[in-house]
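Asks: Below is the structure I would like to discuss, written out as C-alpha cells.
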Amino acid sequence: MVEVDTRNTKLANGGEKKMNKSRFWRWTVVGAVIAVLLAASLSPWRHSRKLSFIRSPCRCSEGSHKYTGIVEDCCCDYETVDSVNEAVLYPLLQELVTTPFFRYFKVKLWCDCPFWPDDGMCRLRDCSVCECPENEFPEPFKKPHGLPKEDLICQEGKPEAAVDRTLDDKAFRGWAVVDNPWTNDDETDNGEMTYVNLQLNPERYTGYTGPSARRIWDAIYSENCPKYSSGESCQEKKVLYKLISGLHSSISVHIATDYLLDENTNQWGANLQLMYDRVLKHPERVQNLYFTFLFVLRAVTKAATYLEQAEYDSGNHLEDLKAHSLIRQLVHNPKLQAACPLPFDEAKMWQGQSGPELKQQTQKQFRNISALMDCVGCEKCRLWGKLQVLGLGTALKILFSVDGQNGRDQPLQLQRNEVIALMNLLNRLSESLKSVTEMGSSAAMDGLALQNSEKAASLIQRLQESWMAQWWKNVPISPLS
C-alpha cells in the first residue's frame with residue numbers, strides 16, 4: 001500500500017513537473033514571439049528613419065492630398081494652389097531670385113536688441129553671414145567709410161562663403177526712399193546698411209536653438225499676436241496670428257529641408273522627422289502656411305502695374321531685362337489669373353466701426369515683431385528674419401496702406417529693398433509649399449511609424465511584464481535538501 005502511494009506520489013510529481021515544463025516552454029515561445037514582434041515593429045521605423053534623409057522626394061499619390069476645399073479666409077482651394085504653384089509660380093520665382101537685382105539685399109546686421117541684451121547663442125559657423133574683406137572688393141564698388149573692424153572674415157579660400165557686395169548706388173536709381181509704416185527699420189539710413197548676396201547665404205539649419213531662440217518666438221506670439229479663440233469670427237483679429245504662424249511654418253520647413261545631419265562629415269539633407277514634428281502633424285500650421293502664401297501672392301498681383309513699370313537696374317543690362325520679363329510673366333500670367341484671380345480679398349478688412357482701431361493695433365504689433373528681429377542671436381537667422389518680415393510688411397503695406405478705389409490713402413511707393421524682400425518671401429513660401437506637397441507624405445509616414453513603434457513598444461513591454469510574472473509564478477521551486 002505504501003508502495004502504491006509512493007508510486008502515485010511520483011506520478012503526481014512527474015505530472016506536475018511535465019505541466020510546469022510545458023508552461024515554461026509555452027511562455028518561452030510566447031516571449032520569443034513577442035521579441036519577433038518587437039523587432040518587426042521597430043525595424044520599419046529604423047529603416048524609414050535611415051532612408052528619410054537620403055530618399056528622393058516622392059510625389060503624393062493621386063487623391064492622397066490631405067487638405068481639400070477653400071483655404072480659410074482666402075478665395076482659392078488647396079488643390080488649385082498646389083497646381084498653380086508647381087506649374088507657374090515656383091519655376092518663375094526660382095529664376096527671378098537668382099537675377100542680380102533680386103539677389104542682393106540691403107540689411108542692418110549690427111543693431112542692438114531694444115528689449116534685452118544680445119546673448120549671441122549661435123553654435124555653428126553656418127549661422128554667421130560671412131562677408132568679403134575690404135581688399136577683395138573691386139575699387140569702384142568700395143564704400144568710402146570702409147568695413148567695421150568686427151566684420152567676420154571666414155572665407156577660408158572658399159568663394160561661396162563670401163558675401164558679394166558689388167553693387168553701388170546706381171542700383172537704387174528710380175526707386176522711392178520712404179519708410180514702411182509697418183516695419184521698424186529705418187530703410188533710408190544707408191550708413192548702417194550692408195549688402196548681402198542671398199544666394200550665398202541660404203536659409204537653412206544653423207544650430208540656433210534653445211532658450212535664446214524660444215525667447216524670440218515666445219515674445220512674438222505671447223506679446224504681439226496671441227492665438228485667437230477657437231470661436232473667433234472676426235477676420236481682422238485672426239490675420240496677424242495666421243500670417244506669423246504661416247511664416248513660422250515656412251521657416252521650419254526650410255530648416256528641416258536643409259538640415260545638418262552629421263556635423264563631423266558635414267552631411268546635409270532633409271530631416272523628414274523634424275518636418276513632421278514641427279509642421280505636418282499640426283494641420284493648423286500647414287493651413288496657415290497656405291494662408292500666408294495667398295496673402296503675399298495677392299499683394300504681388302495687386303501691385304502688378306507698379307511692379308511692371310518699375311526700373312530694374314543693377315548695372316547688368318541683360319540680366320535686368322530678364323528680371324523685368326519674369327516680373328511681367330508672373331503678374332500677368334493667364335494660368336494664375338484663371339485659376340486664382342483673387343487669392344485674398346483685402347476689401348473685407350477693417351470695415352466695421354472698430355476697423356480703424358484694429359488696423360492701428362495690428363500695425364503696432366507688427367512693428368514690434370519687426371523690432372524683435374534685432375534680438376535674434378544668430379546672424380544668418382537675423383538676415384532671413386529681417387528679409388521675410390520686411391517682405392510681409394511690404395505685403396501689408398500694399399494691401400492695407402494703399403487703396404486704389406479711393407483717394408484717401410497715399411499712392412503706392414515701394415523701395416527697391418521692399419520689392420526684393422517681397423519677391424524673395426514669396427519664393428520661400430512657394431518652396432515650402434512644394435516641399436510639403438512632395439515630402440509631406442514621406443515625412444508623415446515617418447512620423448506615424450515612430451508613433452506606432454512607440455505604441456507597439458509600450459504594448460510589448462506590458463506583455464513582457466505579464467509573461468515574466470506568469471513565468472515566475474509557475475516555475476517549480478525545488479525544496480531545500
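Asks: Measuring from the lowest to the highest alpha carbon on each principal axis, how far does segment 340-405 reach, largest first, in angstroms?
Replies: Computed over segment 340-405, the largest-to-smallest principal extents equal 41, 30, 16 Å.
Asks: Here is a follow-up. Report the label-to-label distance for LYS66 and SER325 in nanometres (one decimal), using points 7 Å from each Cα along the Cα→Cβ vector.
Replies: 4.0 nm
Asks: Please find the FRET efficiency linking HIS282 to ALA338, where r is the Cβ-Cβ separation and R0 is fixed at 41 Å, and quote it to the nearest 0.05.
Replies: Efficiency, from the Cβ-Cβ distance: 0.80.
Asks: Enter the accessible area of LYS434 (Å², nearest 10), with the probe set to 1.4 Å and all protein chains included.
Replies: 40 Å²
Asks: I'd like the GluC sites (Glu not before Pro) in segment 202-245 restricted to DSSP loop residues with at most 15 other Cβ atoms within 10 Å, sorted by number. Mind dumping the intermediate values first?
Replies: On the way: sites: GLU203, GLU223, GLU232, GLU236; in loops: GLU203, GLU232.
When the GluC sites (Glu not before Pro) of segment 202-245 are filtered for loop state and at most 15 Cβ neighbours within 10 Å, GLU232 remain.
Asks: Quick check: pseudo-label points 7 Å beyond the Cα along Cα→Cβ at ASP112 and SER230, how many nm apart are they?
Replies: Roughly 4.6 nm, to one decimal.
Asks: Here's another thing I want to ask about it. Considering only the other residues whose Cβ falls under 15 Å of the Cβ of PRO226, what net charge follows from Lys and Arg at +1 and Asp and Glu at -1?
Replies: Details: positive: LYS227, LYS237, LYS238, LYS242, LYS364; negative: ASP218, GLU223, GLU232, GLU236, GLU284.
Net local charge, PRO226 excluded: 0.
Asks: Sticking with this one: Using a cut-off of under 19 Å, list every residue of segment 324-342 whose amide N is near the label point 7 Å from the Cα of GLU95 along the Cα-to-beta-carbon line.
Replies: Residues passing the 19 Å test: 324-337.
Asks: Using the structure shown, select from LYS237/LYS380; LYS242/LYS281; LYS281/LYS348; LYS242/LYS348 the pairs with a Cα to Cα distance greater than 22 angstrom. Intermediate results must be reported in sequence, preceding the final value.
Replies: On the way: LYS237/LYS380 31 Å; LYS242/LYS281 17 Å; LYS281/LYS348 31 Å; LYS242/LYS348 16 Å.
Cα-Cα > 22 Å for LYS237/LYS380; LYS281/LYS348; rest within.
Asks: Specify whether the C-alpha gyration tensor of segment 213-349 places it in the rounded, prolate or oblate class, a ≥ b ≥ c being the square roots of the eigenvalues: rounded for a/c under 1.5, otherwise prolate if a/b is larger than b/c and oblate if not. Don't skip to the answer; put the middle values down first.
Replies: Details: a/c = 2.16, a/b = 1.20, b/c = 1.80.
Oblate shape, in that a/c is at least 1.5 and b/c is the bigger or equal ratio.
Asks: How many nm is it between the label spots at TYR221 and ASP179, if each spot is 7 Å from the Cα in line with the beta carbon?
Replies: Taking the simple label geometry, TYR221 and ASP179 are separated by 3.1 nm.
Asks: I'd like the FRET efficiency for THR209 and LYS364, computed as 1/(1 + (r/R0)^6) with the beta carbon distance as r and R0 of 30 Å, rounded to 0.05.
Replies: Numbers: r = 30 Å, r/R0 = 0.99.
With R0 = 30 Å, the Cβ-Cβ based efficiency is 0.50.
Asks: Another question, then. With every protein chain kept in place and ligands, DNA and RNA left out, what is the accessible area per residue of segment 208-315? Probe 1.4 Å, answer in Å². Mind dumping the intermediate values first?
Replies: On the way: 4290 Å² over 108 residues.
Per residue, segment 208-315 has 40 Å² of solvent-accessible surface.
The values are calculated or read from the model by the stated rules, or taken from the named source; none is laboratory data. As the structure is a prediction and not an experimental result, all values here were calculated from the model. FYI the Cβ positions are ideal-geometry reconstructions off the backbone, even for glycines, and counts take in every protein chain you see. Ligands, DNA and RNA are stripped out before the accessible areas are found, and what is left, the full protein with its side chains, is counted by its heavy atoms. Shrake-Rupley method; radii C 1.70, N 1.55, O 1.52, S 1.80 Å.
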